[in-house]
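Note sheet for the following structure.
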Amino acid sequence: MRKLIVSAVAGIQEDKAISLVRNGLARGIDPFTLLEEVRTGVEIVLERYNRGEYFLADVVMAADIYKHAQQVVLGPADGTGDSGRHPQIVFGTVERDIHDIGKNITIVTMRHYGLEVLDVGVNVSPAAFLEKLQQTGAPILCLSGLISDAYDSMKKTVGLIKKRFGERRPTIIIGGLVNEVVCSYTGADYWVKNCTEGAELCIRLLKEGDGRCASESRAAK
Ligand code: B12
(Lines give C-alpha, C1' and ligand atoms only; values in the text may rest on other atoms or scores of the structure.)
Protein backbone atom coordinates (compact mmCIF):
# COMPACT_ATOMS: atom_id res chain seq x y z
CA MET A 1 0.00 0.00 0.00
CA ARG A 2 2.70 2.48 1.05
CA LYS A 3 4.88 1.80 -1.98
CA LEU A 4 1.77 2.36 -4.08
CA ILE A 5 1.34 5.84 -2.59
CA VAL A 6 4.96 6.74 -3.34
CA SER A 7 4.68 5.56 -6.93
CA ALA A 8 1.30 7.24 -7.50
CA VAL A 9 2.75 10.58 -6.35
CA ALA A 10 5.96 10.00 -8.31
CA GLY A 11 3.79 9.36 -11.37
CA ILE A 12 1.72 12.52 -10.67
CA GLN A 13 -1.47 10.49 -10.36
CA GLU A 14 -3.39 12.69 -7.94
CA ASP A 15 -6.70 10.78 -7.85
CA LYS A 16 -4.95 7.47 -7.30
CA ALA A 17 -2.63 8.87 -4.62
CA ILE A 18 -5.48 10.50 -2.71
CA SER A 19 -7.69 7.44 -2.85
CA LEU A 20 -4.78 5.32 -1.54
CA VAL A 21 -4.30 7.80 1.30
CA ARG A 22 -8.03 7.62 2.15
CA ASN A 23 -7.80 3.85 2.02
CA GLY A 24 -4.81 3.88 4.35
CA LEU A 25 -6.67 6.07 6.82
CA ALA A 26 -9.68 3.74 6.71
CA ARG A 27 -7.35 0.84 7.49
CA GLY A 28 -5.97 2.65 10.51
CA ILE A 29 -2.50 3.45 9.15
CA ASP A 30 -0.86 6.30 11.05
CA PRO A 31 -1.76 9.56 9.23
CA PHE A 32 1.75 10.97 9.41
CA THR A 33 3.20 7.75 7.97
CA LEU A 34 0.87 8.21 5.01
CA LEU A 35 1.99 11.84 4.57
CA GLU A 36 5.63 10.75 4.71
CA GLU A 37 4.93 8.40 1.80
CA VAL A 38 3.48 11.30 -0.15
CA ARG A 39 6.57 13.37 0.73
CA THR A 40 8.85 10.59 -0.53
CA GLY A 41 6.90 10.69 -3.79
CA VAL A 42 7.42 14.48 -4.02
CA GLU A 43 11.16 13.97 -3.50
CA ILE A 44 11.26 11.46 -6.36
CA VAL A 45 9.49 13.99 -8.61
CA LEU A 46 12.11 16.57 -7.67
CA GLU A 47 14.96 14.14 -8.44
CA ARG A 48 13.38 13.42 -11.83
CA TYR A 49 13.03 17.16 -12.48
CA ASN A 50 16.69 17.67 -11.55
CA ARG A 51 17.66 14.93 -14.03
CA GLY A 52 15.62 16.67 -16.73
CA GLU A 53 13.01 13.89 -16.87
CA TYR A 54 10.16 16.02 -15.52
CA PHE A 55 8.98 19.60 -16.10
CA LEU A 56 8.62 22.29 -13.47
CA ALA A 57 4.84 21.89 -13.74
CA ASP A 58 5.25 18.31 -12.51
CA VAL A 59 6.99 19.52 -9.33
CA VAL A 60 4.20 22.03 -8.73
CA MET A 61 1.56 19.34 -9.34
CA ALA A 62 3.32 16.96 -6.93
CA ALA A 63 3.29 19.72 -4.31
CA ASP A 64 -0.47 20.09 -4.90
CA ILE A 65 -0.90 16.37 -4.27
CA TYR A 66 0.95 16.81 -0.96
CA LYS A 67 -1.32 19.72 -0.04
CA HIS A 68 -4.43 17.71 -0.96
CA ALA A 69 -3.19 14.70 1.04
CA GLN A 70 -2.43 17.00 3.96
CA GLN A 71 -6.04 18.24 3.91
CA VAL A 72 -7.38 14.69 3.74
CA VAL A 73 -5.17 13.54 6.60
CA LEU A 74 -5.17 16.58 8.88
CA GLY A 75 -8.36 18.38 7.87
CA PRO A 76 -8.56 21.81 6.22
CA ALA A 77 -5.55 24.07 6.78
CA ASP A 78 -6.06 26.65 9.51
CA GLY A 79 -5.20 29.64 7.30
CA THR A 80 -2.19 31.41 8.73
CA GLY A 81 -2.09 29.05 11.68
CA ASP A 82 -2.89 32.00 13.92
CA SER A 83 -5.09 30.11 16.33
CA GLY A 84 -4.70 32.52 19.22
CA ARG A 85 -2.40 30.15 21.11
CA HIS A 86 1.22 30.96 21.85
CA PRO A 87 3.37 29.55 19.07
CA GLN A 88 6.85 28.27 19.86
CA ILE A 89 7.94 28.94 16.32
CA VAL A 90 7.29 31.74 13.83
CA PHE A 91 7.91 30.38 10.32
CA GLY A 92 7.91 32.09 6.94
CA THR A 93 9.54 32.41 3.54
CA VAL A 94 11.60 35.58 3.39
CA GLU A 95 10.99 38.74 1.36
CA ARG A 96 11.18 38.42 -2.45
CA ASP A 97 10.88 34.64 -2.31
CA ILE A 98 7.59 32.83 -2.95
CA HIS A 99 8.77 29.20 -2.73
CA ASP A 100 6.66 27.50 -0.08
CA ILE A 101 6.58 23.77 -0.80
CA GLY A 102 9.43 23.02 1.63
CA LYS A 103 8.10 25.45 4.23
CA ASN A 104 4.67 23.83 4.18
CA ILE A 105 6.09 20.30 4.44
CA THR A 106 8.33 21.36 7.33
CA ILE A 107 5.44 22.98 9.19
CA VAL A 108 3.35 19.81 8.86
CA THR A 109 6.31 17.79 10.15
CA MET A 110 6.88 20.15 13.08
CA ARG A 111 3.21 20.11 14.04
CA HIS A 112 3.28 16.32 13.89
CA TYR A 113 6.10 16.40 16.46
CA GLY A 114 3.81 18.48 18.70
CA LEU A 115 5.37 21.88 18.01
CA GLU A 116 3.17 24.99 17.87
CA VAL A 117 4.01 26.80 14.64
CA LEU A 118 2.69 30.09 13.32
CA ASP A 119 2.86 30.11 9.50
CA VAL A 120 3.34 33.70 8.34
CA GLY A 121 3.37 32.86 4.63
CA VAL A 122 5.71 33.86 1.82
CA ASN A 123 7.49 37.05 0.75
CA VAL A 124 7.55 38.15 4.38
CA SER A 125 9.39 41.39 5.12
CA PRO A 126 11.85 41.72 8.02
CA ALA A 127 9.41 44.15 9.71
CA ALA A 128 6.56 41.64 9.43
CA PHE A 129 8.68 38.91 11.03
CA LEU A 130 9.61 41.33 13.82
CA GLU A 131 5.97 42.22 14.41
CA LYS A 132 4.93 38.55 14.66
CA LEU A 133 7.75 37.81 17.10
CA GLN A 134 6.81 40.81 19.24
CA GLN A 135 3.14 39.79 19.23
CA THR A 136 3.77 36.15 20.10
CA GLY A 137 7.03 36.06 22.07
CA ALA A 138 8.00 32.91 20.16
CA PRO A 139 11.49 31.69 21.11
CA ILE A 140 12.34 30.36 17.63
CA LEU A 141 12.23 31.99 14.21
CA CYS A 142 12.40 29.76 11.12
CA LEU A 143 13.24 31.35 7.77
CA SER A 144 12.93 29.59 4.42
CA GLY A 145 14.59 30.75 1.21
CA LEU A 146 15.43 29.15 -2.12
CA ILE A 147 16.65 31.95 -4.36
CA SER A 148 19.85 34.02 -4.16
CA ASP A 149 17.83 37.14 -3.36
CA ALA A 150 16.55 35.37 -0.26
CA TYR A 151 19.99 35.46 1.34
CA ASP A 152 19.96 39.25 1.59
CA SER A 153 16.41 39.17 2.93
CA MET A 154 17.49 36.64 5.55
CA LYS A 155 20.47 38.81 6.48
CA LYS A 156 18.22 41.88 6.86
CA THR A 157 15.72 39.94 8.93
CA VAL A 158 18.40 38.50 11.22
CA GLY A 159 19.98 41.97 11.57
CA LEU A 160 16.67 43.56 12.53
CA ILE A 161 15.82 40.83 15.06
CA LYS A 162 19.26 41.08 16.69
CA LYS A 163 19.00 44.88 16.85
CA ARG A 164 15.50 44.98 18.33
CA PHE A 165 15.72 42.05 20.76
CA GLY A 166 19.40 42.22 21.76
CA GLU A 167 20.48 39.42 24.10
CA ARG A 168 16.93 38.19 24.55
CA ARG A 169 16.34 37.50 20.89
CA PRO A 170 14.84 34.29 19.52
CA THR A 171 17.00 31.56 17.99
CA ILE A 172 17.07 31.86 14.22
CA ILE A 173 17.12 28.79 11.96
CA ILE A 174 17.34 28.95 8.19
CA GLY A 175 16.46 26.27 5.62
CA GLY A 176 15.78 25.78 1.91
CA LEU A 177 18.67 26.22 -0.53
CA VAL A 178 21.15 27.14 2.19
CA ASN A 179 24.48 25.95 3.56
CA GLU A 180 27.19 26.87 6.06
CA VAL A 181 28.34 29.86 3.98
CA VAL A 182 24.80 31.25 3.70
CA CYS A 183 24.28 30.71 7.41
CA SER A 184 27.37 32.68 8.28
CA TYR A 185 26.50 35.41 5.70
CA THR A 186 23.04 35.90 7.15
CA GLY A 187 24.13 35.69 10.79
CA ALA A 188 21.54 33.00 11.59
CA ASP A 189 22.19 30.57 14.44
CA TYR A 190 21.58 27.32 12.57
CA TRP A 191 20.96 26.00 9.09
CA VAL A 192 19.33 22.67 8.33
CA LYS A 193 19.14 20.36 5.35
CA ASN A 194 15.64 18.99 5.75
CA CYS A 195 12.36 19.16 7.64
CA THR A 196 13.04 16.31 10.05
CA GLU A 197 16.38 17.79 11.07
CA GLY A 198 14.61 21.13 11.57
CA ALA A 199 11.87 19.64 13.77
CA GLU A 200 14.39 17.71 15.86
CA LEU A 201 16.56 20.80 16.29
CA CYS A 202 13.58 22.86 17.51
CA ILE A 203 12.61 20.16 20.00
CA ARG A 204 16.19 20.05 21.30
CA LEU A 205 16.41 23.83 21.61
CA LEU A 206 13.10 24.07 23.44
CA LYS A 207 14.14 21.27 25.83
CA GLU A 208 17.47 22.97 26.52
CA GLY A 209 15.79 26.15 27.71
CA ASP A 210 13.89 28.97 26.16
CA GLY A 211 14.96 28.18 22.62
CA ARG A 212 17.77 30.70 22.69
CA CYS A 213 21.30 29.53 21.97
CA ALA A 214 24.74 30.99 21.32
CA SER A 215 24.81 33.41 18.44
CA GLU A 216 27.56 31.80 16.41
CA SER A 217 26.45 30.23 13.13
CA ARG A 218 26.57 26.48 12.83
CA ALA A 219 24.91 23.56 11.12
CA ALA A 220 22.39 21.52 13.05
CA LYS A 221 24.73 18.53 12.93
C1 B12 B 1 9.05 24.36 -7.49
C2 B12 B 1 9.96 25.50 -7.86
C3 B12 B 1 9.36 26.72 -8.17
C4 B12 B 1 7.85 26.98 -8.07
C5 B12 B 1 7.54 27.26 -6.58
C6 B12 B 1 6.15 26.80 -6.18
C7 B12 B 1 5.94 26.96 -4.70
N8 B12 B 1 4.70 27.16 -4.34
O9 B12 B 1 6.86 26.88 -3.90
C10 B12 B 1 7.69 28.23 -8.97
C11 B12 B 1 7.40 27.77 -10.39
C12 B12 B 1 6.60 29.23 -8.56
C13 B12 B 1 9.09 28.81 -8.91
C14 B12 B 1 9.38 30.15 -9.16
C15 B12 B 1 10.67 30.63 -9.25
N16 B12 B 1 11.82 29.95 -9.14
CO17 B12 B 1 11.89 28.14 -8.50
N18 B12 B 1 12.16 26.36 -8.19
C19 B12 B 1 11.38 25.34 -7.89
C20 B12 B 1 12.19 24.03 -7.73
C21 B12 B 1 12.01 23.22 -9.01
C22 B12 B 1 11.80 23.16 -6.56
C23 B12 B 1 11.79 23.84 -5.18
C24 B12 B 1 11.03 22.97 -4.21
O25 B12 B 1 9.87 23.20 -3.93
N26 B12 B 1 11.63 21.87 -3.73
C27 B12 B 1 10.95 20.85 -2.91
C28 B12 B 1 11.01 21.20 -1.45
C29 B12 B 1 10.33 20.09 -0.65
O30 B12 B 1 12.38 21.28 -1.10
P31 B12 B 1 12.97 22.48 -0.23
O32 B12 B 1 12.29 23.73 -0.52
O33 B12 B 1 14.45 22.40 -0.29
O34 B12 B 1 12.49 22.10 1.26
C35 B12 B 1 13.00 21.01 2.01
C36 B12 B 1 14.11 21.44 2.96
O37 B12 B 1 14.97 22.38 2.37
C38 B12 B 1 13.35 21.92 4.17
N39 B12 B 1 13.14 23.37 4.33
C40 B12 B 1 12.83 24.33 3.43
N41 B12 B 1 12.81 25.52 3.99
C42 B12 B 1 13.08 25.35 5.31
C43 B12 B 1 13.20 26.27 6.37
C44 B12 B 1 13.50 25.80 7.65
C45 B12 B 1 13.67 26.77 8.76
C46 B12 B 1 13.63 24.40 7.87
C47 B12 B 1 13.87 23.91 9.25
C48 B12 B 1 13.55 23.50 6.82
C49 B12 B 1 13.27 23.97 5.55
O50 B12 B 1 12.09 21.28 4.12
C51 B12 B 1 11.85 20.60 2.90
C52 B12 B 1 11.74 19.11 3.17
O53 B12 B 1 12.87 18.60 3.79
C54 B12 B 1 13.66 24.58 -7.55
C55 B12 B 1 14.77 23.71 -8.14
C56 B12 B 1 15.16 22.56 -7.28
N57 B12 B 1 15.57 21.51 -7.94
O58 B12 B 1 15.13 22.62 -6.06
C59 B12 B 1 13.58 25.90 -8.30
C60 B12 B 1 14.49 27.10 -7.90
C61 B12 B 1 14.54 27.20 -6.39
N62 B12 B 1 13.80 28.24 -8.46
C63 B12 B 1 14.62 29.10 -8.94
C64 B12 B 1 14.23 30.33 -9.55
C65 B12 B 1 15.33 31.17 -10.15
C66 B12 B 1 12.88 30.72 -9.57
C67 B12 B 1 12.34 32.02 -10.16
C68 B12 B 1 13.16 33.27 -9.87
C69 B12 B 1 12.15 31.77 -11.66
C70 B12 B 1 11.75 32.98 -12.46
N71 B12 B 1 12.70 33.43 -13.27
O72 B12 B 1 10.66 33.47 -12.32
C73 B12 B 1 10.94 32.08 -9.50
C74 B12 B 1 11.04 32.74 -8.12
C75 B12 B 1 10.02 33.69 -7.85
C76 B12 B 1 10.21 34.23 -6.45
N77 B12 B 1 10.19 35.52 -6.33
O78 B12 B 1 10.39 33.49 -5.49
C79 B12 B 1 16.07 28.68 -8.78
C80 B12 B 1 16.82 29.48 -7.70
C81 B12 B 1 18.24 29.73 -8.11
C82 B12 B 1 18.89 30.80 -7.32
N83 B12 B 1 20.03 30.46 -6.75
O84 B12 B 1 18.41 31.90 -7.22
C85 B12 B 1 15.94 27.18 -8.56
C86 B12 B 1 17.04 26.51 -7.69
C87 B12 B 1 15.92 26.49 -9.96
C88 B12 B 1 17.25 26.64 -10.68
N89 B12 B 1 18.10 25.64 -10.66
O90 B12 B 1 17.51 27.63 -11.29
N91 B12 B 1 9.99 27.87 -8.57
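The values are calculated or read from the model by the stated rules, or taken from the named source; none is laboratory data. Source: prediction; values computed, not measured. In this analysis, Cβ positions are derived from the backbone assuming ideal geometry, glycine residues included, and neighbour counts consider all displayed protein chains. All accessible areas refer to the heavy atoms of the entire protein, side chains included, with ligands and DNA or RNA removed. Shrake-Rupley method; radii C 1.70, N 1.55, O 1.52, S 1.80 Å.
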message: Please compute the length gained on full extension between D152 and F55, using 0.36 nm multiplied by the number of residues separating them and subtracting their Cα-Cα distance.
response: 32.1 nm
field: Estimated distance in nm for a label pair at Q135 and K162, the labels positioned 7 Å out from Cα along Cα-to-Cβ
entry: 2.6 nm
- prompt: Given a 1.4 Å probe, how much area per residue of the stretch 2-74 is accessible, in Å²?
  reply: 55 Å²
field: Kirkwood-type radius of the stretch 2-74, with distances r between different C-alpha atoms, in Å
entry: 11.7 Å
query: Short version: ³J(HN,Hα) in whole Hz for each residue of the stretch 164-171, in order, from phi by Karplus 6.51 cos²θ - 1.76 cosθ + 1.60 (θ = phi - 60°), x for Gly and Pro, what are they?
result: 6, 9, x, 4, 9, 6, x, 6
Residue (of S7, Y54, I29) at the positive-pole extreme of the stretch 2-74, dipole from beta-carbon charges: I29
- request: Could you state the angle between the C-alpha long axis of helix 56-74 and the longest principal axis of the C-alpha atoms of the chain, as a value from 0 to 90 degrees rounded to the nearest 10?
  value: 90 degrees
- request: Would you compute, from DSSP H runs of 4+ residues alone, the mean residue ellipticity of the chain at 222 nm, taking -39500 (n - 2.57) per run and dividing by the full residue count, rounded to the nearest 500?
  value: -18000 deg cm²/dmol
query: Using unit Cβ charges (K, R positive; D, E negative) and no other charged atoms, how large, in debye to the nearest 20, is the dipole of the chain about its Cα centre?
result: 400 debye
field: Furthest towards positive pole of dipole, L205, I18, N194, structure part the chain, Cβ charges
entry: L205
- request: Would you kindly state how much longer the chain becomes between T40 and D64 on full extension, computed as 0.36 nm times their sequence separation minus their alpha carbon distance, in nm to one decimal?
  value: 7.2 nm
message: For the chain, what does the relative contact order come out to in percent, with C-alpha contacts under 8 Å and a separation of six or more?
response: 15 percent
message: How big is the dipole moment of the stretch 89-219 about its Cα centre under a simple scheme where the beta carbon of each Lys and Arg is +1, that of each Asp and Glu is -1, and everything else is neutral? Debye, nearest 20, please.
response: 280 debye
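Between beta-carbons, use under 14 Å as the cut-off and find the net charge around R51, counting Lys and Arg +1, Asp and Glu -1.
That works out to -3.
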- line: Length gained if E200 through S125 is fully extended, taking 0.36 nm per residue and subtracting the Cα-Cα distance, is 24.4 nm
message: On a straight-distance basis, which aspartates and glutamates could pair with K193 in a cross-link, Cα separation under 20 angstrom, same-chain partners fewer than 8 positions away excluded?
response: E36, E37, E43, E47, D97, D100, D119, D149, D152, E180, E216
query: Which pairs in the list K67/K207; K155/K207; K132/K163 are over 20 Å apart, alpha-carbon to alpha-carbon?
result: K67/K207; K155/K207
